[in-house]
Amino acid sequence: MPDILSHGQYDTVYNFLSLVIASQLFTALFLLISLPRILPRYRQAITVAIIVCGIAAYHYFRIFDSFKEAFVTTSVGGTGDYTQAVGTGFNEGYRYVDWFLTVPLLLVELIAVLALARKVQSGLLMRLVPAAALMIALGYPGEISGENSLRIIFGLLSMIPFAYILYILFVQLSKSLTSQPASVRTTLSRLRYLLVISWIVYPIAYVLPLFNAGGGDAWVSKQVGYSVADIVAKAVYALIIFSVAKAKSYEDSS
Amino acid sequence: MPDILSHGQYDTVYNFLSLVIASQLFTALFLLISLPRILPRYRQAITVAIIVCGIAAYHYFRIFDSFKEAFVTTSVGGTGDYTQAVGTGFNEGYRYVDWFLTVPLLLVELIAVLALARKVQSGLLMRLVPAAALMIALGYPGEISGENSLRIIFGLLSMIPFAYILYILFVQLSKSLTSQPASVRTTLSRLRYLLVISWIVYPIAYVLPLFNAGGGDAWVSKQVGYSVADIVAKAVYALIIFSVAKAKSYEDSS
Amino acid sequence: MPDILSHGQYDTVYNFLSLVIASQLFTALFLLISLPRILPRYRQAITVAIIVCGIAAYHYFRIFDSFKEAFVTTSVGGTGDYTQAVGTGFNEGYRYVDWFLTVPLLLVELIAVLALARKVQSGLLMRLVPAAALMIALGYPGEISGENSLRIIFGLLSMIPFAYILYILFVQLSKSLTSQPASVRTTLSRLRYLLVISWIVYPIAYVLPLFNAGGGDAWVSKQVGYSVADIVAKAVYALIIFSVAKAKSYEDSS
Amino acid sequence: MPDILSHGQYDTVYNFLSLVIASQLFTALFLLISLPRILPRYRQAITVAIIVCGIAAYHYFRIFDSFKEAFVTTSVGGTGDYTQAVGTGFNEGYRYVDWFLTVPLLLVELIAVLALARKVQSGLLMRLVPAAALMIALGYPGEISGENSLRIIFGLLSMIPFAYILYILFVQLSKSLTSQPASVRTTLSRLRYLLVISWIVYPIAYVLPLFNAGGGDAWVSKQVGYSVADIVAKAVYALIIFSVAKAKSYEDSS
Amino acid sequence: MPDILSHGQYDTVYNFLSLVIASQLFTALFLLISLPRILPRYRQAITVAIIVCGIAAYHYFRIFDSFKEAFVTTSVGGTGDYTQAVGTGFNEGYRYVDWFLTVPLLLVELIAVLALARKVQSGLLMRLVPAAALMIALGYPGEISGENSLRIIFGLLSMIPFAYILYILFVQLSKSLTSQPASVRTTLSRLRYLLVISWIVYPIAYVLPLFNAGGGDAWVSKQVGYSVADIVAKAVYALIIFSVAKAKSYEDSS
Ligand SMILES: CC1=C(/C=C/C(C)=C/C=C/C(C)=C/C=O)C(C)(C)CCC1
Ligand SMILES: CC1=C(/C=C/C(C)=C/C=C/C(C)=C/C=O)C(C)(C)CCC1
Ligand SMILES: CC1=C(/C=C/C(C)=C/C=C/C(C)=C/C=O)C(C)(C)CCC1
Ligand SMILES: CC1=C(/C=C/C(C)=C/C=C/C(C)=C/C=O)C(C)(C)CCC1
Ligand SMILES: CC1=C(/C=C/C(C)=C/C=C/C(C)=C/C=O)C(C)(C)CCC1
Ligand code: NA
Ligand code: NA
Ligand code: NA
Ligand code: NA
Ligand code: NA
Ligand code: NA
Ligand code: NA
Ligand code: NA
Ligand code: NA
Ligand code: NA
């Protein structure tokens, strides 16, 4: 963590964290209000999306408050430099707590909107959910450890379930895509790419400290990167899932 | 930002910020409670209106708190002058975060209430939404920069998507108006004027600092101007959209 | 504003402000929960009542906090005298912000429950709503001015729309009462008196400072008077409107 | 009020106050979620029950915060004695504000669940509601007065409406019980006893100070007694009313 | 309670407490949103599950705040050791308040989802609910007492209702399982094991202090153990109950 942040850096992180709160909270509310417009068979997917965005909003409220307390300035109008506060620090642990709950749920969301046969569905979930939980749990000790060797080992271990998830999503799931209505097949196929592109941000941010990419700017970029990735991987993702569910609802009932 | 605010100036900003909170929050709640009275095909528009007013309420809560902390007085009963606090400042960045989310949504709201053919609708949105996001994103570096030249350059760049949005709304959209029921055509046509008049406030406030219109009074006017424009461009606008949706619901079901 | 309040005076204002919060908030919730029991054609009136009580609850939360911070004591157990705090004051401005939003809405509420012909209804609203907004806006400069002459002039100006509202309510509206079902005619007629009696409290409180009715007791009475008048003019009024809407719903559907 | 509380005494009051918050808040939520399962004709009773428990939750939030601020310790880990804080005190006034709103409503709740003929119902309410409000209003000056004589006089005056309420409930209402379905008659009859037993706690707590039953333990017992009585008289009472409403709903629709 | 916590220990407890908040709160919201998808006859069970998770979320909010205030550091960035604060302590009492309300409700939840004959159901509840309340009430004096002998005596007393509950669940209830649809019989049977395994954590944590398993690590393990047990015994349990209710709803309506 940087010892010092310029006013501009402080405000950038501050405003991005607030942007994430607003995005997640109001995506959740939008989906909640729109839920009755979705056919019952797709509501499970949207309900999970609401919960995911809600959990993220909760954690970003906490992260925002933690950041606000952790960096302080003695300048008039807050226009000077910000240093680490006495008695409290920025708690990055919230991110792993959040992922531990939301990453498995993001996969549930995807599987649920496909509305596959009960057997296929539970087969996929039985593999994706534990893999996702394991991936996050293995990353945690590497993240909090100060030593590079541990960071590398746990990072590599965590890559195994990550690779497995990608394998399932691309090889196994693609078979199921053929059974989806034509109107949503392209969207669903693209959704997997959006998922990969936004998820890949997290392991990249994880390895950055290895290259000693320290200093305020690198740290600020990491916070901004996480913020944008979280908006894409949860809120934008949820809105696409919603549009798929709406299209399928429309098709099924006509 | 002014170094000093009189008690009257402080209270004026304070009360206007609180007025915006109440207006946005309770417009959102009013629309939420009234939603079931709207036909499903117009609910998307009202749902977006609820989200826009909700997001604005969220940001004004933050702006209000930021203002309250940023200016302080040592007078008994708070009746003396207010100066900038040590350790914190008034965060104008919230406004751009807010606009980035809400300005595109305001256009979605308008298009949604027209309930045009799916193709036409997505054609309009594909052009309006990115233009709106670009307009705000281009204004931001100009706003936070201390230099006049940058403010001018980014302001001019931001005017391009702004002009484009107005062109679409007046030239392209006016064709669609003819397909609207007679009962709402006038309202919808007027709504575009309300939109232009309230939106024009923002670039005007943006250029004011160029004329060195500094001092407490100019700053207070700017805050009051933003507050009134935000109420008109979001809450009043939402209520008009709602009345259009209600009139169309009535007509469609009779 | 008094420089000093006894413990008893402080607690009286404190408890009355809290009483208003509870009354407005839970009247709003009661109406919200009961809304489905009302026929759609009267729901607009009840929705407006919910919003009015909600806005009042919001403002009283602020007023309560403002009061709590504005008067402080150094006595153990808070049993001594309370004096004005350093750095903050009691913000009476919230009241005018509140009235500016709620007084027009109270008239909308009344007109809406009558469910008159669309033309008559909008004719009445076109006159009542601007008059109410004007009445409050004209009172504001008089209230915040320290000079008696300004207080008198603006007070008199504000009386003009006030008189106009009363004229419309008693002369014009009474004609419409004959078209109401017998079961609610008396209630509605009495409601106008309740409205007048509770509304008259506000101009009376406005002129009190002219008679130099200063000191803690006068001020405490004013706060208590406002509190009781706000409960009657919003919460009790809303419950009567609700009982009218329920009676009419019952009659219409039988 | 005691000058000093031991750690155990402080924690006892603290935990009981929190217990009341949880009980009232979640009873209200339980009833709110369960409301659609009740026939429309009994929903008024349950809606009032929700409001009563909601109002109580609101006041206990305030009482809890007031208590937390009013007693402080300088010991490490908070394990020492607690003394009255400088600048604030424990506000018992909230209780009377609460009773003034909820005690009349508790009687409305009871009458509403009986679903008597409209005439009989309004006849009973016209007598019970003002009596309840009067009972609380008369107790207040006695409670806040420091003098025993005033406490006795107002206590006796308050006993008159109290006795009147009990008379109505036992003599008048018992006639109405015969018209209730057999399945709920016993429950309703017992409910009156639960009401009396829990209500009697309040006048007893009122007279205790006369016997100089001072000191921390007496005060702690009073707080615990109030807490338990409030849970029984509002939350448990509401759940019994709910079970009556459910049984009657079941019977009416079969 | 430990006098000192390392930064890592502090963060571990902090993050686990926050994890419980998120788990309970969003399980409650998930169930609330999903409630309409359940047949009315199983909604009672899910409503109770919502209330249980809601009550737990409320208490964990309090526990989290209590922990945050109770341990403080003077290090920059909060990276040093944490010691007990002056003036406040960590309140474990919340746990017993929580259990007193939720443990009986967890049994109500289980019985409700079985949808047994009314007589059998109330027979089971009449025995399980008082036993659960007694078990918690008997554990409380042992927990707060500093003496080992009292801890042992009350622990043993508390074991009696605990054993009785297990007896009812395994011997009596197993008979009822045969009347459940085949599709949920295995799940329900396993649910009892999940219940036992998670419940057994509590008496184990209770006896640990007897073995003087003091020090920060033991205490941190206890907090983590409670957190995990609370998630399993309430949130995971609720989701399994929900899946049973969904399966039964599906079966009944087909
Ligand atoms: C592979 C890998 C990781 C993967 C993390 C991922 C994939 C996180 C996804 C988070 C999401 C999708 C959040 C929600 O918006 C870690 C744990 C950083 C450790 C290093 C190796
Ligand atoms: C053209 C232009 C701008 C336009 C801003 C607008 C049009 C903002 C609209 C905001 C609304 C509608 C808010 C919601 O209530 C900027 C960014 C100031 C930069 C200078 C040039
Ligand atoms: C005539 C008049 C006034 C009238 C105020 C009124 C009529 C306020 C009503 C408020 C209500 C109804 C609040 C809601 O509960 C002022 C502005 C004091 C200024 C002096 C002249
Ligand atoms: C007779 C009497 C009193 C009665 C109080 C009662 C009956 C209060 C009931 C409160 C309830 C039911 C609260 C809700 O849970 C007072 C005012 C103490 C004053 C002394 C005489
Ligand atoms: C037997 C026993 C106990 C049992 C406690 C239990 C069984 C608690 C269950 C809590 C749950 C299920 C919480 C919710 O998630 C005590 C009181 C520790 C005292 C020692 C003996
Ligand atoms: Na800060
Ligand atoms: Na830390
Ligand atoms: Na200030
Ligand atoms: Na700043
Ligand atoms: Na105070
Ligand atoms: Na002031
Ligand atoms: Na305290
Ligand atoms: Na006091
Ligand atoms: Na701390
Ligand atoms: Na303590």
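The values are calculated or read from the model by the stated rules, or taken from the named source; none is laboratory data. Quantities reported herein were computed from a predicted structural model and do not represent experimental measurements. Neighbour counts run over all protein chains shown; Cβ positions are idealised from the backbone, glycine included.
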Residues within region D:69-94 that are farther than 18 Å from C:Val72 by Cβ and within 12 Å of ligand 12 (Cβ to nearest atom), tallied: 9
Lone qualifier among D:Thr74, D:Thr47 - being among the hydroxyl-bearing types (Ser, Thr, Tyr), within 16 Å of ligand 15 (Cβ to nearest atom) and either surrounded by fewer than 21 Cβ atoms within 10 Å (Cβ to Cβ) or within 18 Å of D:Lys246 (Cβ to Cβ) (or both): D:Thr74
Being more than 10 Å from every other protein chain (Cβ to nearest Cβ), out of contact with any Ser or Thr (no Cβ under 8 Å at 6 or more places or on another chain) and surrounded by fewer than 19 Cβ atoms within 10 Å (Cβ to Cβ) is the filter here, so list the residues in region D:1-32 that pass it. D:Pro2, D:Ser6
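Show me the helices (runs of 4 or more DSSP H) found entirely inside region E:173-230 where at least 2 residues are more than 16 Å from ligand 11 (Cβ to nearest atom) and more than 20 Å from E:Asp98 (Cα to Cα). Quick ask: steps written out before the conclusion?
Working: elements: E:173-177, E:182-199, E:201-207, E:215-230.
In region E:173-230, the matching helices (runs of 4 or more DSSP H) lie at E:173-177, E:182-199, E:215-230.
Here is a yes/no grid of residues against (1) over 17 Å from the mean Cα position of the chain (by Cα); (2) more than 26 Å from B:Gly139 (Cα to Cα):
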site	(1), (2)
B:Gly80	yes, yes
B:Thr83	yes, yes
B:Tyr94	no, no
B:Leu101	no, no
B:Ala112	yes, yes
B:Leu125	yes, no
B:Leu128	no, no
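Hey, can you tell me all the residues within region A:169-195 that are of a type in the set (A, V, I, L, M), surrounded by fewer than 17 Cβ atoms within 10 Å (Cβ to Cβ) and either within 15 Å of A:Ala131 (Cβ to Cβ) or within 16 Å of ligand 5 (Cβ to nearest atom) (or both)? Before you say what the answer is, go through the steps one by one.
At the first step, the residues of region A:169-195 found to be of a type in the set (A, V, I, L, M) are A:169, A:171, A:173, A:177, A:182, A:184, A:188, A:191, A:194-195.
With surrounded by fewer than 17 Cβ atoms within 10 Å (Cβ to Cβ) added as a condition, the list becomes A:171, A:177, A:182, A:194.
Residue satisfying the conditions is A:Val171 alone.
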Within region D:8-44, can you find the residues that are within 16 Å of D:Ile241 (Cα to Cα), part of a helix (DSSP H, G or I) and of a type in the set (A, V, I, L, M)? D:Ala28, D:Leu29, D:Leu31, D:Leu32, D:Ile33, D:Leu35
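Filtering region E:82-104 down to residues that are free of Cβ contacts under 8 Å to residues at least 24 places away in the same chain and in contact with a Ser or Thr (Cβ under 7 Å, 6 or more places away or on another chain), which residue is nearest to ligand 15 (Cβ to nearest atom)? Steps first, answer last, please.
Start the filter on region E:82-104 by keeping residues that are free of Cβ contacts under 8 Å to residues at least 24 places away in the same chain, which leaves E:85-88.
Remaining after also requiring in contact with a Ser or Thr (Cβ under 7 Å, 6 or more places away or on another chain): E:86-87.
Numbers: E:Val86: 12, E:Gly87: 10 Å.
Looking at residues that are free of Cβ contacts under 8 Å to residues at least 24 places away in the same chain and in contact with a Ser or Thr (Cβ under 7 Å, 6 or more places away or on another chain), I get E:Gly87.
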Scanning region C:199-231 for residues that are within 19 Å of C:Val171 (Cα to Cα) and crowded, with 17+ Cβ neighbours inside 10 Å gives C:Trp199
Here's a check for you: in region D:80-116, which residue that is away from chain C (no Cβ under 11 Å) and over 30 Å from D:Tyr193 (Cα atoms) is farthest from ligand 4 (Cβ to nearest atom)? D:Gly80
Take the residues in region C:57-103 that are part of a strand (DSSP E or B) and among the β-branched types (Val, Ile, Thr); name whichever of them is farthest from C:Val232 (Cα to Cα). C:Val76
Could you check, for region A:140-157, whether at least one of its residues is in a helix (DSSP H, G or I) and within 17 Å of the chain's Cα centre (by Cα)? yes
Residue in region C:55-70 that is touching a helix residue (DSSP H, G or I) at 6+ places or on another chain (Cβ under 9 Å), within 16 Å of ligand 13 (Cβ to nearest atom) and within 11 Å of chain D (Cβ to nearest Cβ) present: yes
Could you tell me which residue of region C:232-254 is nearest to C:Ala132 (Cα to Cα), considering only residues that are surrounded by 16 or more Cβ atoms within 10 Å (Cβ to Cβ) and aromatic (Phe, Trp, Tyr)? C:Tyr237
Tell me the residue from A:Val196, A:Val228, A:Val236, A:Val224 that is in contact with a helix residue (DSSP H, G or I) (Cβ under 6 Å, 6 or more places away or on another chain), of a type in the set (A, V, I, L, M) and at pLDDT 90 or above, please. A:Val224
Filtered residues of region E:88-139 (kept if under 20 Å from E:Gln24 (Cα atoms) and hydroxyl-bearing (Ser, Thr, Tyr)): E:Tyr94, E:Tyr96, E:Thr102
